[in-house]
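The values are calculated or read from the model by the stated rules, or taken from the named source; none is laboratory data. Because the structure is predicted, anything quoted here is derived from the model rather than measured. For neighbour counting, all protein chains shown are included, and Cβ atoms are generated from backbone atoms with ideal geometry for every residue, glycine included.
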Amino acid sequence: MSQADIVVGLQWGDEGKGKIVDHMARKNDFVCRFAGGHNAGHTIVVGDKKYALHLVPSGVLSDSTKNIIGNGVVLSPKDFIKELEQFGNLEGRLFISDKAHLLLPYHALIDQAFEKLKGSNAIGTTGKGIGPAYEDKVARVGHRVGELQDTAKLAAKIMTHLNQHKAVLDILGVAIPNEADLKIELDEYKKALSSFIIDTTLLVWDALKNDKKVLLEGAQGTMLDIDHGTYPYVTSSTTISAGACSGLGLNAKDIGKVTGIAKAYCTRVGNGPFPSEDLGADGELLRTRGQEFGTTTGRPRRCGWFDAVAMRHAVRINGVDGVALMKLDVLDGFSDVKVCTGYEVDGKVIDYVPYDLDDAKPIYTSFAGWDKTEGIRSFENLPDTAKDYILALEEMIGTKISIISTGPDRDDTIIR
């Protein structure tokens, strides 16, 4: 019986998980998404073509790989169907858990309305409805993908739920749909998705039992985890490696190697603490060179230097065996490169992630920069100062940097 390997983000999302999963998928029989919704965004470049993935697992670009959307995902049928237009017929290669929860248009409207009400205290969500969909799930009033089998019954249940909350929805300015129109919409979802819907837990169990190679794909990043991230400025799901078990129906003994993904610098989208953020010219240069604009929202990402304190925390909490360091080439040309190696909180220097990062001031260590790493595909050929930077990061975070990305193309990758 085989074990499933995991790829998980170690920062605030957008680390480049899609490229690494695409790289690994060619050696795996299954790629499985275990959490989040279409707030996630993976960009994969193959030749001169760019693919933007939000719900479809990143193994979709490998013809021999089967792709699973697990029960821990909240799935927007409307957005998922649109995403599928990038690809040909995926029947037999794509499977959706019948226990995954539906994210419907009213979830997004509720999400946007609540964010607007919060004003300056807004979390900075994508407004895609992820939070409200997970709220319904936890409140036990959500609806699962398997319920699309009987759209008349599902439409009636949804209408009952919405009418029970009519007073709140009226205040938010969210209109309740007509039941007949809702059923037509659900029928369209059923027609497009029914061939993909199965019990994916049994499928994954069977794959592992038959020694298939299975890769589990996380969404967002560790610092956005509902429990272990910078709460309340987090997502609504468990983004760390432990979430793979509940999000797919596995147990701890089913988990093999954990690969963590991190940029050679840091980015964040939305509000919330970001100790190593650079609000000056260097931060703007990182954004421009790294093309740091959200795959999902198009919003400019906040940019800053590598945070070794948060990274060490993420490595430990995920049980990371090796790190894939992404976008090293974005740092090309900087005269010096900074790394946050500690925080100053209330006049005290600490080397761990505290309960509240709001007032944490970064303590930096500087490293000599380098001219060019872009497109280099062997560690030996990297500039000496870039190699020194990577080896120093390994010491700081407590695990090996086993993969280095030096460009957007799938082959601009160093395996150590």
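Among the conditions (1) within 24 Å of Thr230 (Cβ to Cβ); (2) at pLDDT below 95, the only one that Leu169 does not satisfy is (1).
I need a count of the residues in the range 10-33 that are surrounded by 24 or more Cβ atoms within 10 Å (Cβ to Cβ), touching a Leu at 6+ places or on another chain (Cβ under 7 Å) and among the aliphatic types (A, V, I, L, M). Qualifying residue count for the region: 3.
Only one entry of Asn67, Asn71, Asn28 meets the criterion of being without any contact (Cβ under 8 Å) to a residue 60 or more places away in the chain, within 20 Å of Leu250 (Cα to Cα) and not β-branched (Val, Ile, Thr), and that entry is Asn67.
Restricting attention to the range 322-334, does a residue exist that is over 21 Å from Ile403 (Cα atoms), assigned by TED's automatic domain parsing to the domain that holds Thr238 and not acidic (Asp, Glu)?
The answer is yes; a qualifying residue exists.
Scanning the range 306-339 for residues being surrounded by fewer than 24 Cβ atoms within 10 Å (Cβ to Cβ), under 23 Å from the mean Cα position of the chain (by Cα) and either assigned to a strand (DSSP E or B) or of a type in the set (Phe, Trp, Tyr) (or both) gives a total of 1. Checked against (1) surrounded by fewer than 24 Cβ atoms within 10 Å (Cβ to Cβ); (2) touching a Lys or Arg at 6+ places or on another chain (Cβ under 9 Å); (3) within 25 Å of Gly221 (Cβ to Cβ); (4) not polar (S, T, N, Q), Phe114 passes all but a single condition, namely (2). With respect to being free of Cβ contacts under 8 Å to residues at least 60 places away in the same chain and closer than 27 Å to Gln291 by Cβ, Gly322 falls outside the description.
Summed over the range 240-299, residues that are among the small types (Gly, Ala, Ser), without any contact (Cβ under 8 Å) to a residue 60 or more places away in the chain and in a helix (DSSP H, G or I) total 3. The single condition among (1) touching a helix residue (DSSP H, G or I) at 6+ places or on another chain (Cβ under 7 Å); (2) loosely packed, with under 13 Cβ neighbours inside 10 Å that Thr373 does not satisfy is (2). Just wondering, is there one or more residues in the range 57-78 that are assigned to a strand (DSSP E or B), hydroxyl-bearing (Ser, Thr, Tyr), modelled with pLDDT of 95 or more and crowded, with 21+ Cβ neighbours inside 10 Å? No, because not a single residue in the range 57-78 is assigned to a strand (DSSP E or B), hydroxyl-bearing (Ser, Thr, Tyr), modelled with pLDDT of 95 or more and crowded, with 21+ Cβ neighbours inside 10 Å. Scanning the range 80-93 for residues that are part of a helix (DSSP H, G or I) and of a type in the set (Lys, Arg) turns up at least one hit. Across the range 1-42, the number of residues qualifying as among the β-branched types (Val, Ile, Thr), more than 26 Å from Asp111 (Cβ to Cβ) and touching a helix residue (DSSP H, G or I) at 6+ places or on another chain (Cβ under 8 Å) comes to 4.
Here Gly146 fulfils each of the conditions (1) surrounded by fewer than 16 Cβ atoms within 10 Å (Cβ to Cβ); (2) touching a strand residue (DSSP E or B) at 6+ places or on another chain (Cβ under 7 Å); (3) not charged (D, E, K, R) apart from (1).
Would you be able to say whether some residue in the range 386-407 is assigned to a helix (DSSP H, G or I) and among the hydroxyl-bearing types (Ser, Thr, Tyr)?
yes
For the range 189-204, the tally of residues that are part of a helix (DSSP H, G or I) and touching a helix residue (DSSP H, G or I) at 6+ places or on another chain (Cβ under 8 Å) stands at 8.
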